[in-house]
Amino acid sequence: MSRIGRQPVEIPSGVNVTVDGVKVSVKGPKGELARDFAPLRVGIVQADDLTVEQKKADSARWGLARALLANMVHGVAEGFSKSLELHGVGYKAKIAGQKLTLDLGFSHQVAVDVPEGITATVEKDIITFSGVDREVVGNIADKVRKLRPPEPYKGKGLRYVGEHVRRKEGKKAVTEGSPGAGS
């Protein structure tokens, strides 16, 4: 039985939730989201808060449906954001409209289109994506990070703020008189 699915989703003040069968719409101060849920798997009941009922023995989808609902409510109330750090000499980022342009040590600049509904900001070496949909914010941050993930020897690349990159030790020079040195 799902422990997540059993928990109710609290609706903060200023957020309106509309449940129409399997379609749920959430409207709040930051924006508006709508999603269809599998009709045969879960049922959504609205009272003072939202609860998800399990219709068939499918506890994985029960917990998933509850987590998606909670993310929708949190997104329209407070929003989500992900931040990336640029590490490397000459690595730069700039934003123009809905297009993010990156200099990542390639022979060319890399341009990334920022999805509608997502706000991208660049301050020094930090790129921040924010919006109401957690899935879209995470996807665009991951897409940009995959352009130049941090490498383990010098740590250069794009990484999430606060992410720890395990560093490897480089090759060591062999000195005279040590085992393995040429005779």
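Every read-out reported here was derived from the displayed coordinates using simple, explicitly stated rules and does not represent laboratory data. Bear in mind the structure is a predicted one, so any value in this text is a computation, not a measurement. Reconstructed Cβ throughout: ideal geometry from the backbone, glycine too, with neighbour counts over all protein chains shown.
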**OP:** Considering Cα pairs under 8 angstrom that are at least six residues apart, work out the relative contact order of the stretch 80-160 and quote it in whole percent.
**Re:** 36 percent
Subject >> Given [x] 23.1, 83; [y] 17.1, 57; [z] 15.5, 45, the label whose value is Rg and Dmax of the Cα atoms in Å derived from this model >> reply: [x]
**OP:** Could you grab the relative contact order for the chain? Cα pairs under 8 Å, six or more apart, rounded to a whole percent.
**Re:** 17 percent
**OP:** Read phi for every residue in the stretch 4-16 and hand back ³J(HN,Hα) as whole Hz from Karplus 6.51 cos²θ - 1.76 cosθ + 1.60, θ = phi - 60°, with x for Gly and Pro.
**Re:** 5, x, 6, 6, x, 9, 6, 9, x, 5, x, 10, 10
Original post:
What ³J(HN,Hα) values, in whole Hz, does the Karplus curve 6.51 cos²θ - 1.76 cosθ + 1.60 give for the stretch 146-161 when θ = phi - 60°, with x put for Gly and Pro?
Top reply: 5, 5, 8, x, x, 8, x, 8, 10, x, 6, x, 9, 9, 5, 5
Original post:
Can you list the aspartates and glutamates whose alpha carbon sits under 19 Å from that of Lys30, skipping same-chain ones fewer than 8 residues off?
Top reply: Glu10, Glu78, Glu116, Asp133, Glu135
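Might you report the magnitude of the Cβ-based charge dipole of the stretch 82-152 about its Cα centre, with Lys and Arg at +1 and Asp and Glu at -1, to the nearest 20 debye?
Values: 10 positive and 10 negative charges, 23 e Å.
I would put it at about 120 debye.
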Original post:
From the backbone phi of the stretch 112-118, what are the Karplus-calculated ³J(HN,Hα) couplings (6.51 cos²θ - 1.76 cosθ + 1.60, θ = phi - 60°) in whole Hz, Gly and Pro given as x?
Top reply: 10, 7, 8, x, 5, x, 10
Subject >> Degrees between helix 134-145 axis and first principal axis of the chain (Cα, 0 to 90, nearest 10) >> reply: 10 degrees
Subject >> Length added when fully stretched, Ala111-Asp48, from 0.36 nm per residue minus Cα-Cα >> reply: 18.1 nm
**OP:** Have a look at Tyr160, Leu50, Ala77 and report the one farthest towards the positive end of the charge dipole of the chain, computed about the Cα centre with Cβ charges (Lys/Arg +1, Asp/Glu -1).
**Re:** Tyr160
**OP:** Check cross-link reach from Lys27 to the lysines: straight Cα distance under 27 Å, and skip same-chain residues fewer than eight apart.
**Re:** Lys55, Lys82
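Would you mind working out the magnitude of the charge dipole of the chain relative to its Cα centre, with +1 at each Lys and Arg C-beta and -1 at each Asp and Glu C-beta, to the nearest 20 Debye? The partial results should precede the final answer.
Working: 29 positive and 22 negative charges, 141 e Å.
Dipole magnitude for the chain comes out near 680 debye.
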Original post:
Relative to the longest principal axis of the chain, what angle (0 to 90°, nearest 10) does the C-alpha long axis of helix 59-77 take?
Top reply: 90 degrees
